Amino acid sequence: MGGTTVGLLHPGEMGAAVGQCLVAAGHQVLWVPEGRSPASAARAAAAGLTAAASGGLAGLIRRADVIISVCPPQAALDLARQVAGFGGVYADANAVSPDTVREIARIVEAGGASCVDGGIIGTPPVAPGFIRLYLSGARAPEVQRLFAGGEVDARVIGDALGAASAVKMAYASWTKGSAALLLTARALARADGVEDVLLDEWDGSQPGLVERSDRAAGSAAAKGWRWVAEMEEIAETMAAAGLPDGFHQAAAEVYRRVQEGAARDALAVDVLDAVLTALLSSG
């Protein structure tokens, strides 16, 4: 797979990190600058990506052998619809439910592509061990080989579309779901005037939880706008498995309140205070 032309939709923080690893492996990675922000352009340049200057998305589709979609989960289906006519391998590496990725497969396969299911776990920066890419589907080994010898740990876990997404959903159900619960617990203590007592108790019986709640607030403020849809996808996955979906519907509401909260302008001053205020003021 050396020298493969890969189309990347789109170079957000994680997408750019994945693209950088593909460039380092000797592949040309195309992206579409039209309609993207200056921050996206800066990330693409730093990662060594190549603008599909001729024809925008249509030009990328014509030139790419493989397209990898790394976008907010609420955009995943729409992006799949936009690549109609692409005949290569379409790897959806978004935080979506197994049912959603199977719908994505139906969309792209109707246009002539083969679909590979992907689930990304980890965070930039680009360094060994920071990013794991779980892959499933009949052509998953082809996508895995794109990353051979590089810093993304690509792991094929089977032929079934939905398997990689199920790993992502189960993993994020805890990491981001528990962060939402932690913020809610602290907001409850604040609402009843016992936040200091709770923090003292956490210091004694749950070492590290105070600091974890601070980090959860920072992550919710920076990325909560993406996590609303991700929690809804997890809730859908839970329901499909016959499990309660209310945990993650509630987590989606937590992140929605942070996203929409009136305290957003205060984030630069005191992130934790702004997040808790947003949760309580939206109640």
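The values are calculated or read from the model by the stated rules, or taken from the named source; none is laboratory data. Since the structure is predicted, the reported quantities are computational estimates derived from the model, not experimental observations. Don't worry about glycine lacking a Cβ; one is built from the backbone with ideal geometry, like all the others, and counts go over all protein chains shown. Protein only, heavy atoms only, side chains kept; ligands, DNA and RNA dropped before computing areas. Shrake-Rupley method; radii C 1.70, N 1.55, O 1.52, S 1.80 Å.
For the chain, with all protein chains present and a 1.4 Å probe, just round the carbon and sulfur fraction of the accessible area to a whole percent. Carbon and sulfur together cover 55 percent of it.
Only the Cβ atoms of Lys and Arg (+1) and of Asp and Glu (-1) were treated as charged; on that basis the dipole of the chain about its Cα centre amounts to roughly 1020 debye. Given R₀ = 45 Å, what would the calculated FRET efficiency be for D214 paired with A240, taking r from the Cβ atoms and rounding to 0.05? Calculated transfer efficiency: 0.85. In a reduced charge model with +1 at each Lys and Arg Cβ and -1 at each Asp and Glu Cβ, region 77-129 shows a dipole moment near 60 debye about its Cα centre. Label separation (A39 vs W174): 3.0 nm, computed from points 7 Å beyond Cα along the C-beta direction. Projecting the Cα atoms of L276, G19, V70 onto the charge dipole of the chain, computed from C-beta unit charges around the Cα centre, puts G19 farthest toward the positive end. Averaged over its residues, region 87-222 has an accessible area of 43 Å² per residue, based on protein heavy atoms and a 1.4 Å probe. DSSP beta bridges confined to the chain are antiparallel in about 20 percent of cases.
Per-residue surface analysis assigns T5 an accessible area of about 20 Å², computed on protein heavy atoms at 1.4 Å probe radius.
If the segment from A75 to W225 were pulled out straight at 0.36 nm per residue, it would be longer than the present Cα-Cα gap by 52.8 nm. What trypsin sites (Lys or Arg not before Pro) does region 12-120 have in DSSP loop regions with at most 16 other beta carbons within 10 Å? Loop-located and lightly packed - R36.
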